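One structure is given here, and the rest of the page talks about it.
The values are calculated or read from the model by the stated rules, or taken from the named source; none is laboratory data. Since this is a predicted model, take the numbers as computed values, not measurements. Don't worry about glycine lacking a Cβ; one is built from the backbone with ideal geometry, like all the others, and counts go over all protein chains shown. Note: areas computed on protein heavy atoms with side chains; ligands, DNA, RNA excluded. Shrake-Rupley method; radii C 1.70, N 1.55, O 1.52, S 1.80 Å.
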Amino acid sequence: HRADVQYLSLHGDPLRAYPYFVGHADETGTGAGAGTTLNLPLPLGTNNEHYLAALDRALEALTAFQPSVTLVSLGIDTYGQDPLGDFSLTTPAYLEVGRRVAAAAGHLVVLQEGGYYLPHLGENVRQWLLGAMSM
């Protein structure tokens with residue numbers, strides 16, 4: 001409902017993925033905030049290339065909005081071996097995602113939230129942070 005807050009989200013299509021009832025592409029904000037929400041529901045099996053293309057679309061919107069602070073809810077459940085996710089990102093993708101986000105974001109706050117394949121979770125987060133710190 002607010003024009004001074006932008007929400008961008010790359011996530012599984014809510015027709016098949018949690019939370020199932022929100023996050024549709026046609027949900028773009030209401031009232032003063034109309035147009036400040038960009039939901040990018042992605043298909044089953046989304047790979048590095050397709051994820052990065054969707055990320056670029058979100059980052060174009062971020063750059064146009066020019067926020068003073070960007071809060072990233074970092075979900076590593078996009079990893080190909082994650083038992084709860086259904087994307088197929090690989091560890092090297094996280095370095096590039098972190099780099100692209102930091103290049104576009106300015107002041108950045110990162111909260112790690114999703115990621116359930118514990119053997120690779122730490123390295124995937126580390127790669128994202130290394131990418132962000134490279135900017």
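Summary table
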item	result
Under-5 Å amide H pairs with Thr70, H placed in peptide plane, nonlocal only	His107, Leu108, Val109
Residue (of Leu111, Asn48, Tyr20) at the positive-pole extreme of the chain, dipole from beta-carbon charges	Leu111
Kirkwood-type radius of the stretch 31-74, with distances r between different C-alpha atoms, in Å	12.1
Lys, Arg +1 and Asp, Glu -1 on Cβ, resulting dipole of the stretch 44-112 about Cα centre, debye, nearest 20	220
Probe 1.4 Å - accessible area at Ser134, Å² to nearest ten	80
Dipole magnitude of the chain, debye to nearest 20 (Cβ charges: Lys/Arg +1, Asp/Glu -1, about Cα centre)	260
Cα gyration tensor category, rounded, prolate or oblate, for the stretch 7-59 with a/c compared to 1.5	oblate
Residue (of Gly80, Ala32, Thr63) at the positive-pole extreme of the chain, dipole from beta-carbon charges	Thr63
Helical contribution to [θ] at 222 nm, DSSP H n ≥ 4, -39,500 (n - 2.57), averaged over the chain, rounded to 500	-12000 deg cm²/dmol
By average C-beta atoms within 10 angstrom, highest first, the peptides 97-106, 111-120, 47-56	97-106, 47-56, 111-120
Glu96-Ala64 pseudo-label distance in nm [points 7 Å out on the Cα-to-Cβ vector]	2.4
For Rg and Dmax of the Cα atoms in Å, calculated from these coordinates, the label among [x] 16.3, 53; [y] 14.5, 44; [z] 14.8, 47	[y]
